[in-house]
Every structure is written in C-alpha cells, then in structure tokens.
Amino acid sequence: MSGAPASAAGGAVREASPFARRLVTWGVRRRGVVLGAALAAAALGGAGGARLYGDLRSGLEELLPDGAPSVVAVRTLGPLLHTVTHLSVVFQGRDGDALGRLADDAAARIRALPRDLVETVEYRTDELEAFARRFGGLYLDVRDLDEIQARLDRRVAWEKRRANPLLGLLEDEDAAPAPPLELSDIERKYAAVQGLSRFRSGYFQTPDGRILVLLVRPPQSATGLESNQRLLAAVRREVEALEPVRYDPAIRVGYDGEVATLVEEQGALASDLASSAAVVLVLVTLVMWLYFRRWSAMAAIFGALGVGCALTFGLARLLVGYLNANTAFLGSIVVGNGVHVSIVAVARYLEERRRGLGLEDALAVAWSRTAAATFVASFAAALSYACLAATDFRGFSQFGLIGGTGMALCWATAYLLLPSLLAWLDAGRPVGPAPRRHRLLGAWSAALARRHGRALRVGSLALAALAAAGVLAYRGDPVEYDLSKLRAARSARSGAQYWGARVDEVFREYLTPIVVHARTAAELDRVVAELERARAALGPADPLREVRTVASLVPPDQEAKLPRLARLRDSLGDARLARLDPATRALALRLRPPVDLRPVTLADVPAALRLPLVERDGTVGRVALAFPRKVGLLNPQEMQGMTALVRDAVARAGASAQPVGQALLFVDIATAILRDGPVAAALSLAAVVALVALALRRLAPVAQVAGSLLLGVAWLVGAAAWAGVKLNFLNFVVLPITFGIGVDYAVNIVQRFRADGEGSLERVLGETGGAVALCSLTTVIGYASLLVADNRALRGFGLLASLGEVSCVAAGLLALPAWLLRGAGSEGAAGAAPGAAA
C-alpha cells in the first residue's frame, strides 16, 4: 500500500514537461524578483484602473460609434444651438398659493446663478399670455378671421333687431333665438393658445394647485456629466435654502428632465458598481474557503487574480479611456471569470501534493496538465470578447476589448505568478487527504451517468427541442425599446421617472422635441415641406403634434390680416360690449384686438419659444423642432415612426440637414444591436469551436465539447424565449460571452477524461468536476451580484447571464458524462467499484 503513492507520484513527475519544470523552478527560486515585479505592475495598473472607474459615462451616445449620424448630430449641434433639454423642478403639496410663492422665490434665486449654468427659468405663463393677447389674432388664418367676423356680425344684427321698438310688430322675429357667439371649433385649431388656459393662476401648475413645475434650461445642450451635476447641485442648494416646508408642510420636491435623469442614472450606476463589487468579493471568498479550506491556496489565487485585474483595467485606461453603461460592471465579470484559471491550477496542484509530490514537482505537473485546457477555456472566452470588439457598436466593442484583455491577462498572471506565490505562501505546509465533499459531486454525477445515461441523453435533447419550440413561438418585437425598463428601479418609485409623470400632469404634452438643423434656411424649408406632406398623408397616425420653425413663429399674410383685425375691433366697441350678457362679453373681450396692433416680428416672440429656434451666434431660419404627439414615455413604434418620418423627409428633400434627439439615439442603438449582435454571436461560436479543434485535434473530443456547449446555450435561449425576454444594448452580449465562458467546463472535463482513461470518470468528475463546479459558481456570483443593482438593465443582464452559466455547467456535469460514456462504450457497470472507492 505504501508503494502505491510513490509509484503514482513517480509517474506524475514524468508527466511534467521540461518547459513547465524550468518555468516552475525559475518562479520558485526567483520568487522575490517575480513578486516584486508583480507588485509594481499591479500598483501601476491599479492607478490606471482607479482613473478609469473615475470616468463613468452613462449617456446613450457613448454606446454608438463616433460616426453614427445621431452621435455626430449630438456632438456637432450641441455647441451651436440653444438647448431644448431642461431640468424640471417639481413642487407637490396641498396649498396651491403657497407653491406659487415658493416658485417665485426659487425662480429668483435660480436666475441669479452663473450664466454658464442657467440660461432661462420658465414657470409662469404671463409673457406667453401677454403675447397672445396682443398678437394672437395675427396667428389666425385669414379664413378664420372672416368666419369670426361673420359670426360677430350675425350676433350684432340680432342684438340690433332685439333693441328695435318695432320688434313687437314682427311676429317671427320675436321668437328667433340669439345666434351663438361660439368659437370653440376655431380655438381647437390653435392648441398652443388654448392650452394656456389649463394652468392655474398663471403658473405652470395643475388646475387643483397640487403640482407646480419650474423649467430650468442650461445654456447649451450638454450631455456631459460634470456640467449637469453642477447644475442640479446648484439648483438643489437654492431650493433647499428656502426651506420649502415653511411654505407648505406637506410639500415634496423632486427633479426630472434630461439633466436630472443623466445625473440620477450615473449615481445609480456608481452605487450599483460598489454593491456588486462587495457582493462578489464576499461570496467568492466564502465559496472558495468552503472548497479549499486552505488560506495559503486562496491567497495565491487572489494574488494572481488581483494582478491580472489591475493590469486589465490599467490597460483599459490606455486603450479605451473611460467606462460606458455596458463596460462599467466588467470588474465583477472579470473577477468571476478570471479566477477560473487559478482555481483549476491550484486544485490540481493540491491533488498532486496529496499523491505525495513535493511542492515544485506538484507545481510542474499541475502546470503541464492544466495549462492546455485552461488556455483553451480562457482564450475561447477572450476570443468571444474579441468578436464583440470587432463590431462598430461601442456598447459591444469596448466590452469585448476590456473583457478579452482580462481573460488573457488572468491566464498569463496565473501561470507566471502561482509558482512564486505558492512557494512563498504554501511551502512547508502539510497537505491532508482530499475532503470527501470534493468527490461527492463527482461520485453522484458519474453514478447518474452510468445508471441513467440513456435517460440523460434523451432528456438533454428533449430540452433542446423544447428550447427550439420556444424560439419559434416567440411573438412581438425582440428588442426592448421601453427606456423605463432599462433605468434604475428607484427612478420609478421616487426619482426622475416618478417626477416626470407629475410633470406630464401639468403640461399634458411632450416637452422635448426632435431638433432638425439644416445648412441653409432654404434647405430647412425643403425638409419641413417634405415633413408636412408626409404628416398629411399619415392623417390620424401622424406621430407628431407640431413642427415649429421661425416661419411659424412669425405669421404669414400679416398685411391681409391687419385690416380684418381693425374691423373686428371696430365691431367690438364698448357700447356694443355693454349690451352683451357677461359670458358673451368676456369672450368678445378676448377676441378684441389691441389698439396698437402692428405686425409681429421675431423679437416680439417670447424667449421660451424663440431661443430654441435661434442659433447661439444669432443665425435664424436653419432650425426646426418636431414635437411628439405622445404624452409620457414613447413606445417603440412611436420612436421608430418619428425617426423614420424625420429622416425620410431629410432624405427626400436632398438637404444637408441633421436631426438630433434621444429617440434617434435609441433607434440607432436598436438597429446596431440587431445588426452587430448576430454577427458577434456567430463569430464567437466559430472562433471558440476553431480554438477547441486546434487544441484537441481530434473529431470526437471536439464534437463532445462543442455539443455540450451548444446544449447549454440552446437551453439558455429557449428559457429566455419562453420567458419573453427582450434584447437590449446590455443583455445581447450574454450569448457571445456564454460561448466563450461556457466552453470552459466541457474542455476541462473532456481533456481530463481523455488523459486519465475511460474508466476514470468518477475521479475526473470528483477532482476536475469539483473545480469546474467551483469555477461556475464564481462566475454565477459575478453575474448574480448584478441582481442587487437598482438599474433594471443590469439586473436583467445578471439574471440572463447567470442562467447561461447554470445551463452550460449543467450540460457539462450532467449531459456530457452520459455522452462520454456512450462514446466509450462503458455505460452501466464499470464504474461501480471506482464510485464506491470515491
């Protein structure tokens, strides 16, 4: 009995390659130099990584390539135009008058802020109402003016006949009813003027006084985080300095608009990163302790992983420079996946130590027997990420570049540093027998494969067929356009999304338009003409409420309208008004033009209407604003419809013009996902299979590994299809990276099974299977840590990616052994003794 371990140890030593022995010997004997260099590299990389995480950019345009039309428009037009974005300050309370006093005081303080923060503050309708009273008649159509005059003349004639003392001699005239002075049909055609009457007491306030809104506009359309943070912080300080509860004890104050949304999403992203990192570190440490129960082994694993991660994100600082909404959480993923290599290598090292080898011999054997499999696994993952990096969509390409670099560096640092780390931390420490828990999974899995192999094979294929049925049965648009489902959940409960619904109660219209900027005024006129023709053809399906230009602010045909308005005023003299009933008199007063009526000019138009149509250098006539008809969040059809409508008008006009707006950004993102996502997934699968074929070089093991991977992915896709999961800019990367990471488990098991022989399934699953399960668990932890995120896009990604991991490891530990035994022809009997011994 005593000779068996020695014999086994001697055979194992012969398994170590000369290269592995030389590398291990060098690492052990030069460990001081190696670890010193690693510490310096980690410090340098960590400094770069800290700067990288200090530059988070959550804007949608950061996901698209720089050359995307919507991104070019955002970046080129921002400095040229006055902003159409805003910060909404929302007061909600019980005392409407108190809210008005608070709004007056808050507006005064906010207007006193520096001009580089605040350009305008809008919260009252006074200027708009005064403008409408003086010039409103000039905005009516000539035919409508004639119709108003005709109705007024009929009423005046009736009043004259009623006042005639001979009225009693006319039998029929006494019974004639008064012609109504009804103009609601005409007023409905001019919604902008009519809409002012819905506000309470001249404030942007609901009729019941519960909600009041101030619109704070920055000097230009800034999508950068810093400027928006400064604006929101400054406005918060001014509002809080007023102590709003002194005005109304029941008051609540909230913030909405593009400014608040960007800052809120950025803050939620940073908070989610911190919580995710904490969960990963705690849980990975816990499961590794439960598996290894050896602090020296764990310290070596974390040391190699830490250097790999530091170098990854330090290099990302040089190659990319910042993090976007997709790449921000890669830290958890790189930790969860990058640790696989060290886990497998250290587990094999401890196995060889238990077989009687010394430290250097055990390291050399572990290096030799795991390097190829972990190389395939790690670089398959790296290739999958690299396939994402080959796309134009930056949400994919930057994710792929950083993730692929991380997988490669974590493999390299593991094999370069583990000999030195283990020689420093583990030398002289005794190694006891393998805990029984390590082999329980292998014994159970192997016994299941031997006794129920046929059922496992049939069941795995049945699940694949069910998955295919789920894909075929999928209905609806596969892309998620609902932005509310991609934002922080807190936003809907108490943040910008919640307060945005309150803003909608006040205005009852969409405030932020699509902006169209043309090179010349003539080109803009052609675009607007095409757009209006297309809108007319759509009829009730038109997604736009209004297309506003400078030309629409300065009414046409003023020369024809002025004499008509003068006659209308003469018809509404004081003597005639005195004879009308109060309700009709109030309406007539609204109709009566002012004495000093003159043609309106652009300078007369209130700034709230004028500034968005005038460029910052004073140029006019090159900007149009297309306002959505929808109130609240836009659905996919509305965003796509508006985007197509505006872009098609530009194309048909043959004009040099750029439309810009959030709807265009999101439609471009959806287009990029559908264009680049399938390509990245296909490239990833092809690259992974090619790498496996190069590494294993035999058809049978390649087919076994690829089959196990495809089974796991099929189960993932089918489960997602049956659950009705929609694709977004984040979760589409699940499929490509699952190809790269999911192959890890099958490769390690198949290679170990080939090396140890067909009768060794229990030992393979007991040793390698346990390490594979631990690897999968760390990956699931990395993904599942995102389930604590407040951002719903991150949560959805974490859930889908975790499901992919579970599917692939289940295929590797349950279905794959059954297929391996079928190929080996040893199903049903041979494993009884080894299983019992295990």
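General remarks:
- Amide H within-cut-off set for residue 477, under 5 Å, with H built and near neighbours excluded: none
- Summing +1 for each Lys or Arg and -1 for each Asp or Glu among the other residues whose beta-carbon sits under 13 angstrom from that of residue 153 gives +4.
- Separation of alpha-carbon centers, region 46-123 and region 323-344, rounded to whole Å: 33 Å
- Square roots of five times the Cα gyration tensor eigenvalues for region 484-643, Å: 37, 25, 16
- In percent, rounded to a whole number, the relative contact order of the chain is 22, using alpha-carbon pairs under 8 Å and six or more apart.
- Carbon plus sulfur fraction of accessible area for the chain, probe 1.4 Å, in percent: 61 percent
- Pairs of Lys in the chain closer than 28 Å at Cα, counting only those 8 or more apart or on different chains: 6
- Since only 425, 513, 556 are under comparison, the one whose Cα sits farthest along the positive direction of the charge dipole of the chain, derived from C-beta charges on Lys, Arg, Asp and Glu, is 425.
- Charge dipole of the chain about the Cα centre (unit charges at C-beta), most positive-ward option of 393, 501, 218: 393
- Under-5 Å amide H pairs with residue 545, H placed in peptide plane, nonlocal only: 627, 629
- Whole-number accessible area per residue in Å² for region 506-652, which is evaluated in the context of all protein chains at 1.4 Å: 48 Å²
- For region 509-616, with +1 on Lys and Arg beta carbons and -1 on Asp and Glu, the positive-most of 540, 572, 593 along the dipole: 572
- Estimated [θ] at 222 nm from DSSP helical runs (n ≥ 4, -39500 (n - 2.57)) normalised by residues in the chain, nearest 500: -22000 deg cm²/dmol
- Cα centroid separation - region 443-512 against region 296-320, whole Å: 32 Å
- Accessible heavy-atom area order of 97, 542, highest first, probe of 1.4 Å: 97, 542
- Heavy-atom surface of region 223-320, accessible at 1.4 Å and reported per residue (Å²): 43 Å²
- Rounded to the nearest whole Hz, the Karplus-based 3J(HN,Hα) values (6.51 cos²θ - 1.76 cosθ + 1.60, θ = phi - 60°) of region 465-470 follow the sequence 5, 5, 5, 4, 4, x, with x at glycine and proline.
- Whole-number accessible area per residue in Å² for region 13-89, which is evaluated in the context of all protein chains at 1.4 Å: 48 Å²
The values are calculated or read from the model by the stated rules, or taken from the named source; none is laboratory data. As the structure is a prediction and not an experimental result, all values here were calculated from the model. Glycine gets a Cβ as well: all are built from the backbone with ideal geometry, and neighbour counts include every protein chain shown. Just so you know, the surface numbers come from the protein's heavy atoms only, side chains and all, with ligands and any DNA or RNA stripped out. Shrake-Rupley method; radii C 1.70, N 1.55, O 1.52, S 1.80 Å.
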